[in-house]
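No lab work stands behind these numbers, since they all come straight from the coordinates. Note that this is a predicted model, so its numbers are computed, not measured. Because the Cβ atoms are built from the backbone with ideal geometry, glycine has one as well, and the counts that use them run over all protein chains shown.
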Amino acid sequence: GAVVSQHPSWVICKSGTSVKIECRSLDFQATTMFWYRQFPKQSLMLMATSNEGSKATYEQGVEKDKFLINHASLTLSTLTVTSAHPEDSSFYICSARDSAGFGTQYFGPGTRLLVL
Amino acid sequence: AQSVTQLDSHVSVSEGTPVLLRCNYSSSYSPSLFWYVQHPNKGLQLLLKYTSAATLVKGINGFEAEFKKSETSFHLTKPSAHMSDAAEYFCVVTPSGGYNKLIFGAGTRLAVHP
């Protein structure tokens, strides 16, 4: 089946540093990837839609200068949390939409970010 | 506009008994519907999807869901719960075709007791 990986699976960093999270579709091509944020015991909140070769589309209320997204290839999208602060601590999940067939979204295992 | 309502935030069942997780949707278009499962500190796994074919959809791990347009429902069921089914379940809707962003329900936490 379709597999999406994320790296790292967890990261702890100091306040003010930047953190990059990678999302890869391992066995299919994904022209579109999505980045979600999930707070404890809550549902997923879509942050942005990442399209290969073009600028990401951010949801209302999400700072594009804070959460930089790059989708340079059909199998890789990156999310960079710039100048991270404790309130950015969260579980970040990506999904990749299969370019072929129906376009089902497959989710990565998530990245737990803790900013001290 | 589209939305999803999961009617129960928590469901608790005994092992071996049936599972019913309820979901109602609102959509201006012919929707596609999904159920995803999330185990603690994990990503989401697709259980099943409805894409305007058969209204009774069979998924993985013995789960199935029935699309009822007249009731705007897409309830998830399983005849016999297993301890490993304990997780968070999300009902999701998107306009027909799947090429749009997903709208998530709030989630239902399923607990399975011995």
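Which of the cysteines in chain A are isolated, no other cysteine C-beta under 4.7 Å?
That list is A:13.
Checking the cross-link filter: which lysines have an alpha carbon closer than 17 Å to that of residue B:58, excluding same-chain neighbours under 8 positions apart?
List returned: B:49, B:68, B:78.
Going by Cα centres, region A:39-115 and region B:58-114 are how many Å apart?
Rounded to whole Å, the Cα centres lie 23 Å apart.
I need the chymotrypsin sites (Phe, Trp or Tyr not before Pro) found in region A:11-116, filtered to DSSP loop residues with at most 16 other beta carbons within 10 Å of theirs.
A:102
Charges only on Cβ, +1 for Lys and Arg, -1 for Asp and Glu: so what's the dipole of the protein assembly as shown about the Cα centre, in debye to the nearest 20?
Roughly 120 debye, rounded to the nearest 20.
Between residue A:39 and residue B:55, what FRET efficiency follows from the Cβ-Cβ distance if R0 is 41 Å, with the result rounded to 0.05?
Between residue A:39 and residue B:55 the formula returns 0.75.
Just the ratio, please: alpha-carbon radius of gyration of region A:43-116 over 2.2 N^0.38 Å, N its number of residues.
The value comes to 1.14.
When N counts the residues of the protein assembly as shown, how does its alpha-carbon radius of gyration compare numerically with 2.2 N^0.38 Å, as a ratio?
Against the empirical 2.2 N^0.38 Å value, I get 1.02 for the protein assembly as shown.
Gain in length, residue B:8 to residue B:39, computed as 0.36 nm per residue apart minus the alpha-carbon separation, to one decimal in nm?
Residue separation times 0.36 nm, minus the Cα-Cα distance, leaves 9.4 nm.
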